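Below is one structure; the comments refer to it alone.
Bear in mind these aren't lab numbers, they're just calculated from the coordinates by the rules spelled out. Just so we're clear, the structure is a prediction, and the values are computed from it rather than from any experiment. Counting neighbours? That spans all protein chains shown, and the Cβs are built from the backbone with ideal geometry, glycine included.
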Amino acid sequence: MLSRILVDGYKSIDRRELELSNFTLLAGVNSAGKSSVIQAILYVSRLQNQIGHQHKFELGRFIDIRNSIKGNREIYFELDTWRGQKTTTVKVTLTQKGDGVEVDMQEPRFSMIDYVLRERIVYLSVERVGVMRAYELNTQKERVIGERGEYAYSYLALFGQDPIPEEEFAYKPEKIGRSLNNQVNYWLEYLMGFNVQTNIVQDVDQVVVTYSNAKNNRYYRGKNVGTGVTYMSILVIAALACKKEDVLIIENPEIHLHPRAQSRFMEFLAYLSSRGLQVIVETHSDHIYNGMRKCIKKNVLQKEKAVAYFFELDDMMQTKVERIHLNDQGAEENHPYGMFDQFDDDLDELLGL
């Protein structure tokens with residue numbers, strides 16, 4: 001499990017250290033550093049995955065990614081992983097080399113970090129694929145979903161009849177069954193009211209996807225059911241393709257989703273997190289945040305295993321991060337000004353307060 005990330009001198013972040021729990025939520029204003037924290041996690045993990053090889057994962061020109069306000073001459077990342085009673089730290093220093101970046105990575109003496117970082121992070125960026133006539137079939141790597149979710153439907157088509165990779169993630173298997181198809185469709189019906197079906201077109205190595213409303217047996221193409229159903233299907237498939245101690249990182253899961261679906265999606269993620277999946281979510285949605293709080297109140301998610309942060313910029317355009325403390329009822333013990341306050345502000349204005 002990833003347990004801590006330290007970012008120093010990267011973009012708007014001067015020096016910030018965050019504890020990463022079983023369920024971590026990053027919220028806040030635009031361009032305040034949330035994505036930068038995720039980029040740091042991904043960068044360190046991908047460097048670790050390329051030990052012994054030339055580093056191919058690039059962040060860009062040093063002058064563009066350093067903290068320009070502070071004028072840092074180096075960028076520094078630390079990433080801790082925790083397993084059993086042992087914590088392992090990977091340290092990465094980036095300095096300028098011409099127009100590019102020179103990388104110095106202090107590798108841990110022990111290789112236990114491989115257990116978490118090698119091929120065990122599933123990342124879905126904000127730029128996910130939407131509705132398409134057909135999706136690419138990928139037969140090369142079973143566990144590849146793609147950062148844009150481009151291989152999610154391929155995964156479902158190829159392995160839908162098989163049990164989901166982690167048997168403890170199966171919800172009510174005695175009633176629903178353990179197959180990936182059954183589990184995906186149970187959750188998709190609960191979240192959106194739809195089922196999904198995939199068909200492989202072998203001659204062109206593509207997958208055709210259709211959806212049916214839970215109230216009838218008629219199947220429709222994606223453009224006839226709405227983009228939100230497509231987006232949610234990708235997220236559900238990706239999550240159920242994971243195993244225990246994998247790390248699932250999702251940027252803005254709320255895209256194209258009705259508030260009820262957003263809240264219920266948090267129930268889905270909390271269920272998987274309680275069974276061993278580490279979840280990191282970046283969001284701008286109060287429904288996602290309150291859905292997390294509701295899961296704590298319902299004891300689906302233990303407050304000791306959940307952490308939320310609020311990101312904003314100070315007067316110097318530097319990242320400020322405040323940890324939100326939640327009690328057993330999911331209630332806030334501290335509330336930063338500006339964190340999901342807009343509903344109350346608009347209501348006060350409408351009421352003339």
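Listed values, structure above:
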{"quantity": "Simple spin-label estimate for residue 139 and residue 243 in nanometres, 7 Å along Cα-Cβ", "calculated": "2.4 nm"}
{"quantity": "Sequence of 235, 351, 59 once ranked by neighbouring C-beta atoms within 10 Å, starting from the fewest", "calculated": "351, 59, 235"}
{"quantity": "Taking the convex hull of Cα positions in region 236-313, its mean projected area over all directions (nm²)", "calculated": "5.4 nm²"}
{"quantity": "Which labelled figure in (1) 27.7; (2) 19.0; (3) 20.9 is mean projected area of the Cα convex hull in nm², once derived from the coordinates", "calculated": "(3)"}
{"quantity": "Candidate lysines for bridging to residue 243, where Cα separation is under 21 Å - those fewer than 8 sequence places away on the same chain excluded", "calculated": "86, 141, 172, 305"}
{"quantity": "Share of pairwise Cα separations in region 269-335, more than 19 Å, in percent", "calculated": "35 percent"}
{"quantity": "Nearest-0.05 FRET efficiency for residue 322 and residue 87, computed from C-beta distance (R0 22 Å)", "calculated": "0.35"}
{"quantity": "Over region 128-242: Kirkwood hydrodynamic radius from C-alpha pairwise inverse distances, Å", "calculated": "14.0 Å"}
{"quantity": "Peptides ranked, highest mean first, by Cβ atoms within 10 Å: ranges 244-251, 72-79", "calculated": "244-251, 72-79"}
{"quantity": "Anchor residue 294: aspartates and glutamates whose Cα lies under 17 Å away (excluding residues fewer than 8 positions away in-chain)", "calculated": "254, 267, 286, 304, 328, 332, 333"}
{"quantity": "Mean Kyte hydropathy of -0.5 or more with a Cα span along the axis of at least 30 Å, helices from DSSP in the chain", "calculated": "none"}
{"quantity": "Cα-based reach from residue 11 at 28 Å (exclusive), listing lysines while leaving out same-chain residues under 8 positions away", "calculated": "34, 56, 70, 91, 97, 320"}
{"quantity": "Contact order normalised by residue count of region 128-242, Cα under 8 Å, 6+ apart, percent", "calculated": "32 percent"}
{"quantity": "The chain: antiparallel DSSP beta bridges as a percent of all, rounded to 5", "calculated": "70 percent"}
